[in-house]
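I have placed the structure first, in the form of structure tokens, so that the comments after it can refer back to it.
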Amino acid sequence: MNVLITGGAGFIGSHFTKFVVNNYTDYQVVVIDKLNYRGNLANLKEIEGKTNYKFIRGDICVKEDILPQVSEADVVVNFAAETFVDRAIMDASDFLSTDVFGVYNLLEAIRGTDKVLIHISTDEVYGSLEEGFADENYPLRPGNPYSASKASGDLLILSYANTYGIRFKMVRPSNNFGPNQYPENLVPLFITNAIEGRPLPIYGDGQYRRDWIYVMDTVRAIDLVMHEGEIGEIYNVGGGNIRTNLEITEEIIERTGASKDLMVFVDDRQGHDRRYALDSSKIKELGFEQRYEFGKAMELTVNWYRENEDWWRPIKSGEFREYYEKQYRERLSKAGYGE
Ligand code: NAD
Ligand code: DAU
């Protein structure tokens with residue numbers, strides 16, 4: 001099988017790429033990635049030089065970048081996206097380009113063929129749930145420009161299946177954590193800040209809830225969907241570990257041995273979704289079993305960031321600083337923390 005993986009140099013995409021290259025040595029794997037600020041070839045170092053793997057720098061918004069590669073592929077797995085909510089709140093334009101127009105380009109590239117698009121969506125498309133759990137038929141009520149762009153991409157795919165009969169499978173994972181996650185998301189930001197002795201800026205009252213899953217469990221769920229999932233079906237992939245941000249922060253403080261004094265409540269994220277909670281029975285019926293217990297997965301993650309400072313320190317001293325200043329300087333100083 002020829003597998004094209006778009007966005008394979010990012011967090012989840014790189015773990016999935018390594019998994020496929022290492023476990024299916026008879027598959028040919030091509031990664032196309034634009035290498036935005038989160039795309040990082042160091043994430044794929046381990047498979048550099050493997051004969052069944054090739055990396056191409058390219059943009060899913062540029063037809064000429066993807067057409068030749070899509071024409072060689074049997075399956076296209078799309079991880080490529082702008083993914084970080086706080087940046088979407090600052091400026092949504094790149095999100096609309098990649099998460100909507102980029103998806104349109106992939107759809108046009110597979111239209112009229114029997115190639116399969118495996119699209120990685122998100123639990124954020126269901127919006128905030130005060131109670132209960134969202135199954136795959138739950139209405140889409142995205143609450144921020146990132147999730148609205150992702151929901152638009154999803155709807156476009158459904159419309160192409162209905163109109164042109166394109167073949168797709170869709171996966172909607174919940175909040176992932178693990179090695180190689182760019183240190184602006186809650187878990188890697190707080191772990192690395194704790195190691196550095198910097199404040200941990202908790203938005204609002206810290207009572208926002210997410211459903212956490214270890215990245216290697218998500219990778220295996222996507223692998224299962226790629227091989228066993230039904231064409232035209234959507235699969236939620238949640239970890240079943242619903243935790244408040246305060247609980248996550250306390251867990252990180254305990255595991256890093258940092259001082260509780262680093263915890264600081266700052267002004268909230270605009271339009272902050274209160275709670276995500278997935279009903280993942282459908283993927284379980286397909287045979288998915290989680291392997292990583294939450295505490296064990298947190299331990300692995302904290303240890304990875306401790307042992308891989310050469311991965312994250314250069315990131316945190318580069319473009320990241322500019323973003324960090326914009327996002328946190330005023331919030332932290334209002335809360336009495338000058339950095
Ligand atoms: P990431 O930001 O770490 O990686 C995204 C990758 O896509 C990067 O390597 C980036 O360079 C690449 N990319 C961006 N725009 C591109 C373009 N126009 N053309 C080609 N490549 C482009 O993201 P992630 O956290 O690994 O998420 C991967 C996918 O999973 C995304 O679609 C995201 O919406 C979805 N998702 C993520 C999570 C999570 O918790 N991380 C949860 C649910 C769903
Ligand atoms: O739910 C899946 C989504 O998870 C993915 O689709 C997105 O691509 C991914 O970025 C992630 O989005 P979230 O907004 O849920 O994750 P984030 O790590 O940004 O934030 C998690 C929670 O922590 C959220 O309630 C906001 C809060 N938070 C985050 C940061 C960065 C803080 O309280 N302080 C912070 O500094």
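Structure data summary
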{"read-out": "Strands (runs of 3 or more DSSP E) wholly inside segment 146-229 containing at least 2 residues that are buried (at least 20 other Cβ atoms within 10 Å of the Cβ) and either modelled with pLDDT under 95 or more than 8 Å from ligand 2 (Cβ to nearest atom) (or both)", "value": "167-173, 209-214"}
{"read-out": "From V70, V21, residue being over 23 Å from R167 (Cβ atoms) and aliphatic (A, V, I, L, M)", "value": "V21"}
{"read-out": "Tally, over segment 240-250, of residues that are crowded, with 17+ Cβ neighbours inside 10 Å and within 11 Å of ligand 2 (Cβ to nearest atom)", "value": "4"}
{"read-out": "Residue within segment 300-317 that is in contact with a strand residue (DSSP E or B) (Cβ under 6 Å, 6 or more places away or on another chain) and farther than 27 Å from N40 by Cβ present", "value": "no"}
{"read-out": "Candidate set: segment 103-121, residues that are outside any loop (DSSP other than H, G, I, E, B), within 17 Å of the chain's Cα centre (by Cα) and in contact (Cβ under 8 Å) with a residue 60 or more places away in the chain; chosen: the one surrounded by the most Cβ atoms within 10 Å (Cβ to Cβ)", "value": "I120"}
{"read-out": "Top-ranked residue of segment 156-182 - restricted to ones that are more than 15 Å from ligand 1 (Cβ to nearest atom) and touching a residue at least 12 places away in the same chain (Cβ under 8 Å), ranked as farthest from R210 (Cα to Cα)", "value": "Y164"}
{"read-out": "Residues (within 9 Å of ligand 1 (Cβ to nearest atom) and assigned to a loop (DSSP other than H, G, I, E, B)) located in segment 46-91", "value": "G58, D59, I60, C61, V62, F79, A80, A81, E82, T83, F84"}
{"read-out": "All positions within segment 31-45 that are surrounded by 20 or more Cβ atoms within 10 Å (Cβ to Cβ) and assigned to a helix (DSSP H, G or I)", "value": "N43, L44"}
{"read-out": "Among the residues listed as I315, I234, the single one being of a type in the set (A, V, I, L, M), closer than 21 Å to E124 by Cα and modelled with pLDDT of 95 or more", "value": "I234"}
{"read-out": "Qualifying position, being in contact with a strand residue (DSSP E or B) (Cβ under 6 Å, 6 or more places away or on another chain) and within 15 Å of ligand 2 (Cβ to nearest atom), among F79, F11", "value": "F79"}
{"read-out": "The one condition in (1) within 23 Å of I120 (Cα to Cα); (2) part of a loop (DSSP other than H, G, I, E, B); (3) more than 20 Å from the chain's Cα centre (by Cα) that A258 fails to fulfil", "value": "(1)"}
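The values are calculated or read from the model by the stated rules, or taken from the named source; none is laboratory data. Being a predicted model, the structure only gives us computed values, none of them experimental. Every residue, glycine among them, receives a Cβ derived from its backbone with ideal geometry; neighbour counts consider all protein chains shown.
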